[in-house]
Structure formats: C-alpha cells, structure tokens
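Novice: Right, I'll just put the structure down here and ask away after.
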Amino acid sequence: MEAFNRLDIIAWENEFHFPHYRLASGNMRILNKPGEQDVERIRTNLTARGWHHSGWDRRNIVHASESKVHVDTQFTRYRADGTAIASYESLYVLTYEDGRWGIKMRSSFAP
C-alpha cells in the first residue's frame, strides 16, 4: 500500500508475481510482465475522484496452503483532508513462487 500511495509503480509491481491478474469493473486485466501499467492513467483516474491516499481496513487470511493464500481485504480511498471517498471489498491471492511470496491475483469491487 505504501508503494501504491506513492504511485511508485516499480516498487508496487515488485510485490506481484507475473503474469498478474486483476478482476475489477467486469474486466480481467492481465499484466504479463513489470512495466505494463500506465502510471499517468492510474494517477488521472484516482485524482479525478479526489484521491490522496489509500489505507487497509482489514486483511484476513481465509484459506492457506504452503504455496497459496487467499486474503479477504477491504481498503478505503481518502482525500487529502482524511475524509473517505469510498471503501472496497477485495480478494487477494498470494502465491509462493521462485522463493518469495507475491500477489498473483486481485479481485476487487473498486473501479
């Protein structure tokens, strides 16, 4: 979340495993490798809604094995004055690959 709030795409993508999948707004987006996200598009979409930063409301492990974890999450997007824009439920799937844990898939109700 810290990297996302800085819009540091390189650091944020360092938390992913590729291919990386995001299901939101009825669309499945597949990132095949780092660098395929457009930081300016992300920034424009967020700031158009008044976004300043996001924060976790919860992160609960609901299923786990030695190589995969399902995490029930909720996050909130905030304005600079700390007022909430909206909160979104999501499910993250983390996998253990190549000696490290990373986010393989996100399914979110965020736009």
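Every read-out reported here was derived from the displayed coordinates using simple, explicitly stated rules and does not represent laboratory data. Computed from a predicted structure; not experimentally measured. With ideal geometry, Cβ positions are generated from the backbone for all residues, glycine too; neighbour counts draw on all protein chains shown.
Novice: From the P(r) of the range 1-48, can you give the percent of Cα pairs sitting at distances over 12 Å?
Specialist: On the way: 751 of 1128 pairs.
Counting pairs separated by more than 12 Å, the tail of P(r) holds 67 percent.
Novice: For the chain, what does -39500 (n - 2.57) per DSSP helix run (n ≥ 4), summed and divided by total residues, give at 222 nm, in deg cm²/dmol to the nearest 500? Write down the numbers at each step before the final one.
Specialist: On the way: 3 runs with 19 residues, N = 111.
Value at 222 nm, helices only: -4000 deg cm²/dmol.
Novice: Still on this structure: Please order R41, R106 by the number of other Cβ within 10 Å, starting at the fewest.
Specialist: Numbers: R41 9, R106 19.
Ordered from fewest to most neighbouring Cβ atoms within 10 Å, R41, R106 come out as R41, R106.
Novice: Which order do the peptides 68-77, 51-60 come out in when sorted by mean C-beta neighbours inside 10 angstrom, highest first?
Specialist: Values: 68-77: 16.1, 51-60: 13.6.
By packing density, highest mean first, the sequence is 68-77, 51-60.
Novice: Still on this structure: Apply the a/c threshold of 1.5 to the C-alpha gyration tensor of the range 19-111 and tell me whether it is rounded, prolate or oblate.
Specialist: Values: a/c = 2.20, a/b = 1.42, b/c = 1.55.
Taking the square roots of the gyration eigenvalues as a ≥ b ≥ c, the range 19-111 is oblate.
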